[in-house]
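Undergrad: Right, I'll just put the structure down here and ask away after.
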Amino acid sequence: MEIKNLKKADMSRIEKKISELEESVKGYSFDKEHQKKIKRLKDFVNFALEKKDTESIKDEISELCYASRMQSDLELIPKLKKTLQSDCYFIETDYVLTDGQLFNPSGFLPEDRVFIFLEASTAIGVNELPKKSNLNYFDLRDANSLNWRF
């Protein structure tokens, strides 16, 4: 792939996050027995909430929140590992021209300006758009609302 004015993203943050998540979920199992227990807890909590009896179910709500966080962390780890294996680029320029697709990988927010190019043979970072180009461009000046232009 032809890359111009882009640099590889620093992945140390993702490596650190994976280590933290693996440590936090160590010993946690989300097997079928545990899933049944969580379902019973959910049913119990929902019943109590219908009765507007939240005081008596504080421990159960706390346990459900913990289980939800653990499940979320377990699902995030493989996504972050996939990000580590991807070619991620930090884009400092206002625009990026490409013939492919631009994706924000797991572990990064759009405002981090770290992206993966899919199905691309060219990716060029520029601060001014050319008058003519056969490439699509992304406007990264406001990375929270990426605009795709043809």
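Undergrad: Tilt of helix 12-25 relative to the longest C-alpha principal axis of the chain, in degrees (0 to 90, nearest 10)?
TA: Helix 12-25 sits roughly 10 degrees off the main axis of the chain.
Undergrad: Still on this model: Using the 10 angstrom Cβ neighbour count as an exposure proxy, how do L118, L74 rank, fewest first? Write out the running numbers ahead of the final one.
TA: Numbers: L118 11, L74 16.
The most exposed by this proxy come first: L118, L74.
Undergrad: Pairs of alpha-carbon atoms within less than 8 angstrom and 6+ residues apart define the contacts here; what relative contact order does the chain have, in percent?
TA: Contact order relative to length: 28 percent.
Undergrad: For the pair K52 and R40, how long in nm is the line joining their label points, each one 7 Å along Cα→Cβ?
TA: 3.0
Undergrad: Would you grab the residues whose amide H sits under 5 Å from the one on L140? Only those 5+ places off in sequence or on another chain, please, with H modelled 1.01 Å from N.
TA: Counting only residues 5 or more places away or on other chains, the set is Y95, V96.
Undergrad: Further, regarding this structure: Starting from the 7 Å offset along Cα-to-Cβ, what nm value, one decimal, do you get for the label separation of L64 and K81?
TA: Placing both labels 7 Å along Cα→Cβ, they lie 3.1 nm apart.
Undergrad: With a 10 Å Cβ neighbour count serving as the proxy for reagent exposure, in which order, fewest first, do T98, T83, T93 appear? Don't skip to the answer; put the middle values down first.
TA: Working: T98 24, T83 21, T93 17.
Fewest-to-most ranking of T98, T83, T93: T93, T83, T98.
Undergrad: Within straight cross-link reach of K4, meaning Cα distance under 19 Å, which lysines are found once same-chain residues fewer than 8 apart are removed?
TA: Cross-link targets: K131, K132.
Undergrad: Here is a further query. Taking a temperature of 10 °C and a viscosity of 1.306 mPa s, what whole-number D in µm²/s does Stokes-Einstein yield for the chain with Rh from Kirkwood over alpha carbon pairs?
TA: Reported coefficient: 86 µm²/s.
Undergrad: In addition: For V126, V96, which order do you get if you count the other beta carbons within 10 Å of each Cβ and list the fewest first?
TA: In order of increasing Cβ crowding within 10 Å: V126, V96.
Undergrad: Cross-link candidates for K8: which lysines have Cα within less than 23 Å, leaving aside residues fewer than 8 places away along the same chain?
TA: The qualifying lysines are K16, K17, K79, K81, K82.
Undergrad: Restricting to Cα pairs below 8 Å that are 6+ residues apart, what does the relative contact order work out to for segment 14-85? Please round to a whole percent.
TA: About 57 percent, as a whole number.
Undergrad: K131 versus K7, label points 7 Å from Cα toward the beta carbon: distance in nm?
TA: For K131 paired with K7, the spin-label model returns 3.3 nm.
We did not get these values from a lab; they are worked out from the coordinates using the rules stated. It should be emphasised that the depicted structure is a prediction, and the values quoted were computed from it without experimental measurement. With ideal geometry, Cβ positions are generated from the backbone for all residues, glycine too; neighbour counts draw on all protein chains shown.
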